[in-house]
1. Would you be able to tell me the number of residues in segment 497-525 that are touching a residue at least 40 places away in the same chain (Cβ under 8 Å), open to solvent by less than 20 Å² (accessible area, probe 1.4 Å) and not in a loop (DSSP other than H, G, I, E, B)?
2. When residues of segment 234-269 are filtered for being assigned to a helix (DSSP H, G or I), hydrophobic (A, V, I, L, M, F, W, C) and under 19 Å from residue 306 (Cα atoms), how many remain?
3. Please specify each residue of segment 295-308 satisfying the condition of being buried (at least 18 other Cβ atoms within 10 Å of the Cβ) and more than 30 Å from residue 380 (Cα to Cα).
4. How many residues, within segment 481-496, are of a type in the set (D, E, K, R) and exposed (fewer than 10 other Cβ atoms within 10 Å of the Cβ)?
5. In segment 128-159, what residues are open to solvent by less than 70 Å² (accessible area, probe 1.4 Å), of a type outside the set (Gly, Ala, Ser) and without any contact (Cβ under 8 Å) to a residue 60 or more places away in the chain?
6. What are the residue pairs meeting all of these: first residue in segment 357-368, first residue more than 18 Å from residue 103 (Cα to Cα), second residue assigned to a loop (DSSP other than H, G, I, E, B) and open to solvent by 80 Å² or more (accessible area, probe 1.4 Å), Cβ atoms under 8 Å, and 6 or more apart or on different chains?
7. Look at segment 405-437 and say how many of its residues are hydrophobic (A, V, I, L, M, F, W, C), at pLDDT 85 or above and open to solvent by 20 Å² or more (accessible area, probe 1.4 Å).
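The values are calculated or read from the model by the stated rules, or taken from the named source; none is laboratory data. On a predicted model such as this, the values are computed, not experimentally measured, just so you know. All Cβ positions, glycine included, derive from the backbone under ideal geometry; neighbour counts span all protein chains shown. Quick note on the areas: whole protein, heavy atoms, side chains included, nothing else; ligands and nucleic acids left out. Shrake-Rupley method; radii C 1.70, N 1.55, O 1.52, S 1.80 Å.
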Amino acid sequence: MIRLPSLTYITEHARDTWRRFPYVLVCAFLGVAVAICLIEAESDDFWFTKILMTLALGIPLFFSLTIYRESPIPKFRSTSLHLLGAGGLLLVAFYFLSGQAATENFFLNYAQWALALHLLAAFSPFLRTGEPRGFWQFNRYLFLRFCLSSLYAGVFYIGMIIALGAVDHLLGITIHDKLYADIWVFSAGILLTWHFLAGVPKNLSALEKDDSYPGGLKIFTQYLLVPLVTLYLVILYLYLGKILIKADWPKGTVTWLVSVVSVAGVFNLLLLQPVQEMTGNKWIRAYAKAFYLALFPLVLMLFTSVGKRMGQYGVTEQRYFVTALGLWITGIALYFLLHKKPSIKTVPMTLFLITLLTSMGPWGAYSVSRASQMGRLKTIFIKDGLWNGTKTVKAVKEVPFDDRKEISSILDYLVENHGVAPLQPWFDLDLAQWKDARERSRYGYSSVSNQICRSLGFDHVDRWGNGQMASSFSYYADPDGEALSVKGYDWMVPMVASKKFTLEGRSYSLDSKEGILTLKGAGERDLVFDLSKIVAGLEDPKTAVQHEKVPPQKMQMEASNDHWEGRVCLRDLYGTRKDKGLKITSANGVLFLRRVR
């Protein structure tokens, strides 16, 4: 019979886990509290979200430091206070030095730090030489324990939301909607973390003597992962043969496929490492050698592909990361091929160092990418006479379409990923209104770029522009503007395309097509609103950008016939402009009606 643990045993085990990992659990509890506050308040304050993200980093960080302290390098022993001080300083440094805007680069950088700290957890108690089996078994236990903890936390969450749904449906007790999200946060943040920590091996030295290997893992690696990795290698080699025969450049997407297959293959070989010397498994060593040799032509294809795009479009974070990953794959392949007794600890340790180094400093992905794109932008400015030596100047002649498109693309990238601060010294245009990431996002990154382009004397060109496509404009009514009077009108109809409704017992429809809004009713003349007249009453549409704010009074118009008098009040208006005129593509708002007496 299965002996279930008593409540006393569970309580004592939980208490022991708290004593062993107090700082990890404090970060988990504080993170859950902050997350619940964010959910309940529906807050989008970045600083508050950043506190949550920093606390989340504290979980793998303090876990790694705690495990290291239990098995330290003899010359570098630490106390609990040392552990708290080092971890606390690192988290504070991340919070204050990682930027104050929710840009794409912030989240990329955060992902790098999260990856680095999880890699640190894999080898922090094994910084001494030797212990290859203990290292492998330790990470095997961590992986399986995480899967089990995730299962338990998931079952708890599903059970709780079903119970709450039953209380709501059967007993008629209203359940707070946000309680479901709160329970998910508690399950993932507290239950999963605490249960996972309770299963972390304590006697690390004993793991070196553990030669067990789960049968399920052997089946998973040998009969699933090995065939899949081999299949993808064959596909990549067929593609390599194709581009060699056709003398064509490899596609950009192949870089990520090569990276994924290479990393998956290395991970697979790490899983197979303990059994490669067993009887009947000698093929694993031969397969590993063949795999690492097969990587070199593929990595060369990767470098060729990303190198071409860097030459054409400069360095971006994604191209930087692919290049760094390619160099790491090359180094790992050479290490396992040339070293007589390679250590599998080298894989997470070197990946940890590369991840950390590429996340910061002038050599990091973000600084190098920004400098590359700024350099490309300056080169184009000089070429087209838009540069006076220190700043940009307005164009005095037509800027070629390809250059306008390139300038627009670079500005989009810089505004979205690095903000407007790097650009401000080059422009007399005041960019301060878009320093806040939410303002840039609200207006649209391309709209901010459009304002910058207009200061140079031309319009922004989107990434799909071909030189003949119409450029877009849009307006929206100022939400803080003066209130509109609707005195005298009896009915309000939302402007929804092909909307049918009943009014005074009769059926009507409201149709909108290319800027013509039409109210139709059986036996009555159509009531027509030509919304292009609203555009005509606004400022020159050639200067309009996406989400340009205008007074609400300018976003309305009136029309009448023998049956109805109406007033359209628009909330927003979108359109495109061509040489031959304007085309309205979308309009949203309300229609007010009254009967002609």
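1. Residues meeting the conditions: 5.
2. Within segment 234-269, residues that are assigned to a helix (DSSP H, G or I), hydrophobic (A, V, I, L, M, F, W, C) and under 19 Å from residue 306 (Cα atoms) number 11.
3. Listed by number, the residues that qualify are 295, 298, 299.
4. Residues of segment 481-496 that are of a type in the set (D, E, K, R), as a first pass: 482, 487, 490.
From what is left, the residues that are exposed (fewer than 10 other Cβ atoms within 10 Å of the Cβ) are 482, 487.
So the answer is 2.
5. Of all residues in segment 128-159, those open to solvent by less than 70 Å² (accessible area, probe 1.4 Å) come to 130-132, 134-140, 142, 145, 147-150, 153-154, 157, 159.
Subset that is of a type outside the set (Gly, Ala, Ser): 131-132, 135-140, 142, 145, 147-148, 157.
Correct list: 139, 142, 145, 147, 148, 157.
6. 357/363
7. 1
For (1) within 31 Å of the chain's Cα centre (by Cα); (2) under 29 Å from residue 133 (Cα atoms), each residue gets a yes or a no:
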position: 260; (1), (2): yes, yes
position: 289; (1), (2): no, yes
position: 294; (1), (2): no, yes
position: 299; (1), (2): yes, no
position: 306; (1), (2): yes, no
position: 313; (1), (2): yes, no
position: 317; (1), (2): yes, no
